[in-house]
Amino acid sequence: MNGAPESPQHRGTGDLLPPVLAGPIVRRATADGLALWLVTSVAATLRLRLTAAGSSMERDLDGEEVRRIPFGERAFLCLVQVAFDEPVPEGSLVGYDLGLASADGAGDALAWIRDWAPHLCRPGVSHPDYVVKQRLDRVFHGSCRRPHHPAGDGLVRVDAEVAAAGDDVEARPALLLLTGDQVYVDDVAGPTLSAIHQLIERLGLFEERVPDAEVADSRVLRADSRTFYHRHQLLPATERNVALVERFFGGARKPVFSSANARNHLISLAEVMAMYLLAWSPVCWRLVDLALPSLAAQEADDYRRERQCIERFIDELPRAARALAHIPTYMIFDDHDVTDDWNLSALWETTVYEHAFSRRIVGNALIGYLLCQGWGNEPAAFGELLPQVADLVREVDADGFLPERTHDELVDALLRFGRWHYRLPTSPPVVVLDTRTHRWRSEIAPGRPSGLMDWEALTEFQQSVMGESAVIVVSPAPMFGVKLIEVLQQLFTFIGRPLVVDAENWMAHRGAASVLLNIFGHSGTPETFVVLSGDVHYSFAYDVRLRHRSASPRIWQVTSSGIKNEFPQRLLEFLDRLNRWLYAPRSPLNWFTKRRRMRISPRLPTGREAGERLWNQSGIGLVELDGRGAPSAIRQLNAGSGGTRFREKNDTDGEEGATTFRVSL
């Protein structure tokens, strides 16, 4: 950074790094084993302690149980996967601890979690713990955690709920489902980008040469005068893409990367990995400062404003990290984990993936997702990819640069990879959908939004739920959304401006919508579907039934968004009211949408004015399930305190009942 610092904040002292930079985060946790994610500053031997059901175990973790991937001179990603000798009983509280050799390597002393990350331990407890529940009774879910949004962090509320439950296994949540936009690679605050660059230098994160770009490599990128708030000037723009702007993007500021907030869009793999460290760990913020760099007046004002939000985020981060250390957490990407409107249409894909620079940007985000999110969902699914990652970091040259050819080959493999979706063998099972990389592309009109899943992926989804009585489905975008907003998206798509309103929803593509509704209507599919979604930055719940079917499945659409994000309040209230007026049960507009009839009953959130259906507070969703896998309560918990319960239609509390409308294809 140029210029003298305005004021040092959150600055680490000395050159000694903490032994653990981030984590541990509890990932896949079953009766038979445990997966943990963490990042260390040294290639330390790990020792694991486990206590459960009156027994305990302590031993060093061998090479097969820890996959250690260096992504810098002083940054080692540790993917820990341990199989238990004896299964842990259902409903057990499992305590775990990780021991590392002392920082100077002297003696046999080990440092345990209470030594190097005391913020991860509940008061009065020396180590974190989690519960093993094969039968799901209480499930947290949410999406969209944007660090520089002024709202509070919903993960802090998760921590509060875990702390309140204490050792009461029944009160502890079974798992946390993060349903998209865990990080915002395309929307980064100036102070965060400054911290990312400092962290790259402090940890010696590996550099890369950038193909077909104005900057030769990642070091030059950080030194470029446009690196703060002007990165949209560095993003890809070819002659073909210039034509695309006029034809498809309608004069948008960028021909390829469509985020309206891409002024600090991340580019290099080192930037992506540093972002994950800063999103999940308060430790790394202590290694940097948030001093104001040399910026023009407007950018300096933006930096100061964003810094206030980032400082609140940092203050809350220890509790967010503690939440992730105490509850099995599963994740799936949405667009901002890679870039806004990722794979929106066939034309978008062709434009991005035929350009080496934009292909690398998307690929770097996917490498970060693989290592920091995807692996922990189902470690066995990535057996072929992780060796390629190991080859990439093994071949770093003497100047600290990743090998270009190996890098490109890994990106190619990730873009071909087809197993980002997964299934949890719980009761009811959880089926997590990949709605980004198996899209139903339009061959006739490649500029139109693609279907969120193609026919083959939808068929696989159907086969995965056949024979089940109940299932939880994670769809990052709601399967059943706010009708007015979906109609507006259709209108903007019709006039050739789908990016203006983020025109991605299940009903936007006739083929995908038809197959989806046929799945719900099939006699062999479950009687109970609970669909958990995010994406939209507000929360709601619907009861959905097929019309004119005596054996209609029971479907609940439950949307919780965002964890740390909110929709513009006045605009949402206007759309909420207008939606009720235009699509009331007897509205003639419903007759134009009768090709596929479904009865959708919006649940009413307590604490809102009569009839309003949408909840607009950052926080976390909580679904409580009965013995059949159906929701017994649907809640949205605010980040700080309070929240709402989405009431059933037959609740008798004196408030207005639900209304219905039909959905179109």
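The values are calculated or read from the model by the stated rules, or taken from the named source; none is laboratory data. Just so it is clear, the model here is predicted, and its values are computed rather than measured. Cβ atoms come from the backbone with ideal geometry, glycine included; neighbour counts cover every protein chain shown. Heads up: the accessible areas ignore ligands, DNA and RNA and are worked out on the full protein's heavy atoms, side chains in. Shrake-Rupley method; radii C 1.70, N 1.55, O 1.52, S 1.80 Å.
I'd like the residue in region 369-394 that is out of contact with any Lys or Arg (no Cβ under 9 Å at 6 or more places or on another chain) and of a type in the set (Asp, Glu) and, out of all such residues, is surrounded by the fewest Cβ atoms within 10 Å (Cβ to Cβ).
By that ranking, first place goes to GLU384.
Of the residues LEU136, LEU110, only one is more than 26 Å from ASN377 (Cα to Cα) and either of a type in the set (Val, Ile, Thr) or touching a Gly at 6+ places or on another chain (Cβ under 8 Å) (or both); which?
LEU110 is the lone residue from the list that is more than 26 Å from ASN377 (Cα to Cα) and either of a type in the set (Val, Ile, Thr) or touching a Gly at 6+ places or on another chain (Cβ under 8 Å) (or both).
Determine, yes or no, whether LEU347 is part of a helix (DSSP H, G or I), among the aliphatic types (A, V, I, L, M) and in contact with a Pro (Cβ under 8 Å, 6 or more places away or on another chain).
Yes: the conditions hold for LEU347.
Here's the yes/no breakdown for (1) touching a Pro at 6+ places or on another chain (Cβ under 8 Å); (2) under 17 Å from VAL338 (Cα atoms):
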| site | (1), (2) |
| --- | --- |
| GLU395 | yes, no |
| LEU410 | no, yes |
| PHE417 | no, yes |
| THR426 | no, no |
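Do we find that ALA111 is under 24 Å from ARG394 (Cα atoms) and open to solvent by less than 50 Å² (accessible area, probe 1.4 Å) in this structure?
Against the criterion (under 24 Å from ARG394 (Cα atoms) and open to solvent by less than 50 Å² (accessible area, probe 1.4 Å)), ALA111 does not qualify.
Within region 40-77, track down each residue that is among the charged types (D, E, K, R), more than 21 Å from ALA398 (Cα to Cα) and touching a residue at least 24 places away in the same chain (Cβ under 8 Å). Outline the logic, then answer.
In the first step, residues of region 40-77 are kept if they are among the charged types (D, E, K, R); the result is 47, 49, 58-60, 62, 64-65, 67-68, 73-74.
After this cut, where a residue has to be more than 21 Å from ALA398 (Cα to Cα) as well, the list is 47, 49, 58-60, 62, 64-65, 67.
Listed by number, the residues that qualify are ARG47, ARG49, ARG67.
If PHE333 passes every condition in (1) under 25 Å from GLY72 (Cα atoms); (2) assigned to a helix (DSSP H, G or I); (3) at pLDDT 95 or above; (4) hydrophobic (A, V, I, L, M, F, W, C) but one, which one does it miss?
All conditions are met except number (2).
Exactly one condition in (1) modelled with pLDDT of 80 or more; (2) in contact with an Asp or Glu (Cβ under 7 Å, 6 or more places away or on another chain); (3) not basic (Lys, Arg) is not met by GLY611; state its number.
(1)
Show the residue pairs meeting these rules: Cβ distance below 6 Å; 6+ apart or different chains; first residue within region 111-139 and closer than 21 Å to VAL283 by Cβ; second residue acidic (Asp, Glu) and open to solvent by less than 30 Å² (accessible area, probe 1.4 Å).
TRP112/ASP97; ILE113/ASP97; HIS127/ASP97
For SER358, all conditions in the list (1) in contact (Cβ under 8 Å) with a residue 40 or more places away in the chain; (2) small (Gly, Ala, Ser); (3) open to solvent by 10 Å² or more (accessible area, probe 1.4 Å) hold save one; what is the number of the exception?
(3)
Within region 437-449, is even one residue among the aromatic types (Phe, Trp, Tyr) and surrounded by fewer than 16 Cβ atoms within 10 Å (Cβ to Cβ)?
Just the residues of region 437-449 that are among the aromatic types (Phe, Trp, Tyr), to begin with: 440.
Those still in the list that are surrounded by fewer than 16 Cβ atoms within 10 Å (Cβ to Cβ) too: none.
No, because not a single residue in region 437-449 is among the aromatic types (Phe, Trp, Tyr) and surrounded by fewer than 16 Cβ atoms within 10 Å (Cβ to Cβ).
Can you name every residue in region 517-545 that is surrounded by 18 or more Cβ atoms within 10 Å (Cβ to Cβ) and assigned to a strand (DSSP E or B)?
Correct list: THR528, PHE529, VAL530, VAL531, LEU532, SER533, SER539, PHE540, ALA541, TYR542, ASP543, VAL544.
From GLY23, GLY95, which residue is under 14 Å from ALA325 (Cβ atoms) and open to solvent by 10 Å² or more (accessible area, probe 1.4 Å)?
GLY23
Report yes if ALA31 is modelled with pLDDT of 65 or more, more than 23 Å from ALA109 (Cβ to Cβ) and in contact with a Gly (Cβ under 6 Å, 6 or more places away or on another chain), otherwise no.
So ALA31 does not fit the description; no.
Being open to solvent by less than 30 Å² (accessible area, probe 1.4 Å), within 17 Å of LEU424 (Cα to Cα) and either in contact with an Asp or Glu (Cβ under 7 Å, 6 or more places away or on another chain) or of a type in the set (Ser, Thr, Tyr) (or both) is the filter here, so list the residues in region 138-172 that pass it.
Result: no residue meets the conditions.
Looking only at region 95-103, decide whether some residue is closer than 25 Å to VAL42 by Cβ and in a loop (DSSP other than H, G, I, E, B).
The answer is yes, given that some residue of region 95-103 is closer than 25 Å to VAL42 by Cβ and in a loop (DSSP other than H, G, I, E, B).
Count, please, the residues in region 439-458 that happen to be free of Cβ contacts under 8 Å to residues at least 40 places away in the same chain and under 19 Å from ASN505 (Cα atoms).
The qualifying residues number 3.
Against the definition (buried (at least 22 other Cβ atoms within 10 Å of the Cβ) and of a type in the set (Lys, Arg)), how does ARG416 come out, yes or no?
no
How many residues are within 29 Å of VAL188 (Cα to Cα), in contact (Cβ under 8 Å) with a residue 40 or more places away in the chain, of a type in the set (A, V, I, L, M, F, W, C) and open to solvent by 10 Å² or more (accessible area, probe 1.4 Å) when one looks only at region 556-584?
Selection size over region 556-584: 2.
Any chance region 65-82 includes a residue that's farther than 29 Å from GLY180 by Cα, surrounded by fewer than 17 Cβ atoms within 10 Å (Cβ to Cβ), out of contact with any Ser or Thr (no Cβ under 8 Å at 6 or more places or on another chain) and at pLDDT below 95?
Scanning region 65-82, I find no residue that is farther than 29 Å from GLY180 by Cα, surrounded by fewer than 17 Cβ atoms within 10 Å (Cβ to Cβ), out of contact with any Ser or Thr (no Cβ under 8 Å at 6 or more places or on another chain) and at pLDDT below 95, so the answer is no.
Out of curiosity, is LEU292 within 26 Å of ASP535 (Cβ to Cβ) and either open to solvent by less than 10 Å² (accessible area, probe 1.4 Å) or not in a helix (DSSP H, G or I) (or both)?
No.
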